[in-house]
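As structure tokens, the structure follows; a few thoughts come after it.
FYI, it's all coordinate maths here, none of it is from the lab. If you're wondering where the values come from, they're calculated on a predicted model, not measured in any experiment. Because the Cβ atoms are built from the backbone with ideal geometry, glycine has one as well, and the counts that use them run over all protein chains shown.
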Amino acid sequence: MQSVFLAATLSLCTSFLDAPPGLYGYLEACGTIVIPAQSDFATRLDDGKARAGLDCARPSADAAGERSGHTCKRRIDAHFDTAELRLADREKDVTMGFWDRIRQLAGAGIGVSPAAAQDKAATAAEEGGEAADAAFEQSWQKRDAFWAGVGSVEKDVLGHLISPGLMGDPQWPTTRQAYKVVRRAHSIVIATDGLSDPFEDGRKGNGFGMELFVETADILPAHAGRPGDISRLSESWAFELVSHVAGTVAGVGGISAQLDQYGVLSMELPGVSQSHAIGKQVPARYVTADDSLGVLIGMPVEGFSAAVEGMPLSPVRVVPVTIITAAELEALRTGGADARRALAEELARQGRHHRSSLR
């Protein structure tokens, strides 16, 4: 599993210790937080100590910060000392929250001894967990291989200190919401990495059956960084755009049926002036008089395949998000489906295809 990119150090002086546990980072009041890029998750610090799981097969956290029924290959103890965290790595297989699941399953048993119920629940949990973990692992591997065929994939991925799904935002198939960065010869791709994860709640298939992406050559150099450095890409308009659309797609439970029916979809994002990056970095000709930005979703992909082959549970496509000008959005507002099809054909004729250009 690839790591989630987070800032290396953060300075705090707040009452974070009053926050609920399970946050994706080490928390201590009035000190420095050091978050190792290789850590899949971490619990909050208590009495100067915290716990993190590495190389975890299935990324989810319950309300208590445990990875319920999810196996991590290594466990790290972190100790807060003179405003820094020293990590003592203990090589050890550990299943986080496993016995909580056993207690839950055994609680329904009547006339069964606690030991027998635990054994039965353990066997069922292990068998189901192994199959689920295998599907997760295969999904990650297939996505990694797909993007490696598109360009140079950054080792780290963009992510959130706290999963938006834990804060009331739309739920992805798991609590892990990450974004891959792929550098091509003349452009950068920022793609969701998790919309096609197998559902952790038992629903069938590879998540929403898609991953979204934006491809553009027009990210500010200060945000694009050099290969190996994605520390400021989360400040770019492209990241804000794809993350907003991803939230919308997740919130409606996926859009595969709509893409199958209409081919190319359009979407408006209102309130551009209130955005963190889009309003400042996108030229005014892309923003309507009523403060909206328009995008096309599902333009035909040019230059590489639009399908991730070999996914373990169900087909998965990669779906581009393409920014359009205010004039183009106004044409869609008045012309509907016919105007949308005409615009898609015109973008292909111009050679823009699925790519987003601010020029």
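From the phi of every residue in the range 215-225, what ³J(HN,Hα) in whole Hz does the Karplus formula 6.51 cos²θ - 1.76 cosθ + 1.60 yield, where θ is phi - 60° and glycine or proline is x?
10, 8, 9, 10, 8, 4, x, 5, 8, 5, x
Expected output is a single nm value to one decimal: the length gained when fully extending between ALA306 and ARG232, i.e. 0.36 nm times separation in residues minus the C-alpha distance. What is it? Walk me through the numbers before you get to the answer.
On the way: separation 74, 0.36 × 74 = 26.64 nm, distance 2.75 nm.
In short, 23.9 nm is gained.
Treat the count of other C-beta atoms within 10 Å as a stand-in for reagent exposure and order PHE136, PHE199 from fewest to most. List each step's numbers first, then the result.
On the way: PHE136 24, PHE199 17.
Result, fewest neighbours first: PHE199, PHE136.
Given H placed 1.01 Å from N in the peptide plane, which residues other than close sequence neighbours of ARG317 have an amide H under 5 Å from its amide H?
Hits under the 5 Å cutoff: MET210, GLU211, VAL308.
Which whole-Hz couplings ³J(HN,Hα) result when phi for each residue of the range 239-247 is put into the Karplus expression 6.51 cos²θ - 1.76 cosθ + 1.60, θ = phi - 60°, listed in order with x for Gly and Pro?
5, 4, 5, 5, 6, 5, 5, 4, x
Just add up the charged neighbours of GLY279: K/R +1, D/E -1, any other residue whose Cβ is under 11 Å from the Cβ of GLY279.
Details: positive: LYS280; negative: GLU240, ASP291.
Neighbour charge sum, excluding GLY279 itself: -1.
What is the sum of charges, Lys and Arg at +1 and Asp and Glu at -1, for the other residues whose Cβ falls under 11 Å from the Cβ of SER357? Walk me through the numbers on the way to the answer.
On the way: positive: ARG352, ARG355, ARG359; negative: GLU215, ASP218.
Local net charge: +1.
At GLU346 and GLN138, where each label point lies 7 Å from the Cα along Cα→Cβ, what is the point-to-point distance in nanometres?
Rounded to a tenth, the inter-label distance reads 4.5 nm.
May I ask for the net charge around ILE230, where only other residues with Cβ less than 15 Å from the Cβ of ILE230 are counted and Lys, Arg are +1 while Asp, Glu are -1?
Values: positive: LYS155, LYS180, ARG183, ARG184, ARG226, ARG232; negative: GLU154, ASP156, ASP193, ASP229, GLU235, GLU240.
Taking every other residue near ILE230 into account, the sum is 0.
Would you pull out the residues with amide H under 5 Å of VAL287's amide H, same chain only if 5 or more places away, H placed 1.01 Å from N?
Long-range HN contacts for VAL287: ALA326.
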